[in-house]
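The values are calculated or read from the model by the stated rules, or taken from the named source; none is laboratory data. Because the structure is a prediction, the values reported are computed rather than measured. Methodologically, a virtual Cβ is constructed for each residue, glycine included, from the backbone with ideal geometry; neighbour enumeration extends over all protein chains shown.
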Number of protein chains: 2
Amino acid sequence: MATTEILTAERILEATEEVLRRHGPAKATVVDVARVLGVSHGSVYRHFRTKAALREAVTKRWLDRTSEELAGIVAADRDPEARLRDWLAALFAAKRRKAGDDPELFATYRVLAGENGEATGRHLADLTGQLTEIVRAGVDAGVFTTADPATAARALFHATGRFHDPVYAPEWEQPGIDAEFEAVMDLVLRGLRA
Amino acid sequence: MATTEILTAERILEATEEVLRRHGPAKATVVDVARVLGVSHGSVYRHFRTKAALREAVTKRWLDRTSEELAGIVAADRDPEARLRDWLAALFAAKRRKAGDDPELFATYRVLAGENGEATGRHLADLTGQLTEIVRAGVDAGVFTTADPATAARALFHATGRFHDPVYAPEWEQPGIDAEFEAVMDLVLRGLRA
DNA sequence: CAGCTGACAGATTTCAATATCTGTCAGCTG
DNA sequence: CAGCTGACAGATATTGAAATCTGTCAGCTG
């Protein structure tokens, strides 16, 4: 690839994703990343202080992409219950799609997410923040009832964990899963309604 | 130990638990079990056709002990909502206690449960069966509303997974966990009430 | 002769030597 | 002289030979 281009953090992150996709998280080395870019591995260390920092940056990028996908639904101009259903369904669909399309890469991100709890923690806070917004809108509109929207949002997130937590990814391909998702959604939405 | 006693499946299972507790799932061998019993490992194979069968039997025993603990609550003479709360709280407490008291043994059972999906599957069916009984009692008493108690029971079980699925065990020691459990319980119970 | 032993073949695990990787930095290059 | 290289030390991973384990079975023993 165009060895004349200057080496940016962005280009390194793209190359790292490439290497992770190819080799998986256990065998992806900084030397591999440098080779893909046609530079020495010393140059990579100019942009990322450690291999852990590089992996964290890749993870953050990936998590942020998911957050952005969902932010659109929060801002949509629909009634809160429909938005809530859409948001949870979209989260499930996005995770399932990613897990199904490229299981190797998905497993890789599972490992990375497990490694740096900080980036993952911020991402979870971000998602429950989005949920809180929808719940609050519902309370304001009089269609939801709850003492504390933030607590309710966290409860919703935990209650639907089976349909977005990556540890359950293998079960997302089983036949009855959609009916199970509907059952849980119906249960928690009934619990939220005024 | 009493080498004069005859070798029963039960004695082998006890010795196996002992070995698993000591060495963990990865390093527990049939030879170790035989050594604890003071017999040759060939004798163990007289009672269990393979090492996998032995591990499955140990797992089943462990899972059945949990089921029995909870069965008492299902049969209790209290109103269904209280029984449901008790049952879910007891499941959480039992799992948390086991994980906290002997993390090594708990991790061992996690591995074993992952290995033989069949025994685990039957156990989950057993637990949701217990839940279904409580839900049905609630519907009959007019305090719960649901189209199908069995589906509702499965939804309840999934929604509270964070508080009984062993993959979440590390989080059960974190400070806010009880409040989170209460929040999820309140949400799903509101969703179930008539 | 029912129940156990222990030697055995093939599969799996351990261990130590060898190779590769991470992170640094003095010096090269355009 | 900003940005890159490549040699280096210590840490980590790979590899293959040796040790151990699984599962079988002919024969021992009480």
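Which of the residues belonging to segment A:174-194 are of a type outside the set (K, R) and touching a helix residue (DSSP H, G or I) at 6+ places or on another chain (Cβ under 7 Å)? Steps first, answer last, please.
Just the residues of segment A:174-194 that are of a type outside the set (K, R), to begin with: A:174-189, A:191-192, A:194.
A:I177, A:E180, A:F181, A:A183, A:V184, A:M185, A:L187, A:V188, A:L189, A:G191, A:L192 - these are the residues of segment A:174-194 that are of a type outside the set (K, R) and touching a helix residue (DSSP H, G or I) at 6+ places or on another chain (Cβ under 7 Å).
Filter segment B:168-181 down to residues that are farther than 15 Å from A:T160 by Cα and either assigned to a loop (DSSP other than H, G, I, E, B) or at the interface with chain A (Cβ under 9 Å from one of its Cβ atoms) (or both), then give me how many there are.
Kept after step one, since they are farther than 15 Å from A:T160 by Cα, are these residues of segment B:168-181: B:169-179.
After this cut, where a residue has to be either assigned to a loop (DSSP other than H, G, I, E, B) or at the interface with chain A (Cβ under 9 Å from one of its Cβ atoms) (or both) as well, the list is B:174-176, B:179.
Residues in segment B:168-181 being farther than 15 Å from A:T160 by Cα and either assigned to a loop (DSSP other than H, G, I, E, B) or at the interface with chain A (Cβ under 9 Å from one of its Cβ atoms) (or both): 4 in total.
Please work out which one of (1) surrounded by 14 or more Cβ atoms within 10 Å (Cβ to Cβ); (2) more than 24 Å from A:L127 (Cβ to Cβ) is the condition A:T8 fails and give its number.
A:T8 satisfies every listed condition except (1).
A quick yes/no check of all residues on (1) at pLDDT below 95; (2) small (G, A, S); (3) not assigned by TED's automatic domain parsing to the domain that holds B:R65:
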site	(1), (2), (3)
B:R96	no, no, no
B:G114	yes, yes, no
B:A119	yes, yes, no
B:V135	no, no, no
B:E171	yes, no, no
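Of A:R96, A:R49, which residue is more than 17 Å from A:P25 (Cβ to Cβ), free of Cβ contacts under 8 Å to residues at least 40 places away in the same chain and either within 16 Å of DNA strand C (Cβ to nearest atom) or charged (D, E, K, R) (or both)?
Working: A:R96 fails: free of Cβ contacts under 8 Å to residues at least 40 places away in the same chain.
The unique qualifying residue is A:R49.
Only one of these is without any contact (Cβ under 8 Å) to a residue 12 or more places away in the chain, touching a helix residue (DSSP H, G or I) at 6+ places or on another chain (Cβ under 7 Å) and under 26 Å from A:A159 (Cα atoms): A:A76, A:A90. Name it. Break it down into steps so the answer makes sense when it comes.
Values: A:A90 fails: without any contact (Cβ under 8 Å) to a residue 12 or more places away in the chain.
From the options A:A76, A:A90, the qualifying one is A:A76.
From the list A:L84, A:L124, pick out the single residue that is within 14 Å of chain B (Cβ to nearest Cβ) and within 18 Å of B:R190 (Cβ to Cβ).
Numbers: A:L124 fails: within 18 Å of B:R190 (Cβ to Cβ).
Result: A:L84 is the single residue among A:L84, A:L124 that is within 14 Å of chain B (Cβ to nearest Cβ) and within 18 Å of B:R190 (Cβ to Cβ).
Condition check ((1) outside the structural domain of B:D102 (by TED's automatic domain parsing); (2) crowded, with 18+ Cβ neighbours inside 10 Å; (3) within 12 Å of DNA strand D (Cβ to nearest atom); (4) touching a residue at least 60 places away in the same chain (Cβ under 8 Å)) across all residues:
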site	(1), (2), (3), (4)
B:A15	yes, yes, no, no
B:E18	yes, no, no, no
B:R21	yes, no, no, yes
B:K27	yes, no, yes, no
B:V30	yes, yes, yes, no
B:R35	yes, no, yes, no
B:V39	yes, no, yes, no
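Do you know which residues across segment B:52-73 are surrounded by fewer than 16 Cβ atoms within 10 Å (Cβ to Cβ) and either within 14 Å of another protein chain (Cβ to nearest Cβ) or within 9 Å of DNA strand D (Cβ to nearest atom) (or both)?
B:A52, B:A53
If I go through segment A:139-157 residue by residue, how many of them are exposed (fewer than 14 other Cβ atoms within 10 Å of the Cβ) and part of a helix (DSSP H, G or I)?
2
Of all residues in segment A:149-167, how many are closer than 19 Å to A:A183 by Cβ and either more than 8 Å from every other protein chain (Cβ to nearest Cβ) or touching a residue at least 60 places away in the same chain (Cβ under 8 Å) (or both)?
Counting residues in segment A:149-167 that are closer than 19 Å to A:A183 by Cβ and either more than 8 Å from every other protein chain (Cβ to nearest Cβ) or touching a residue at least 60 places away in the same chain (Cβ under 8 Å) (or both) gives 6.
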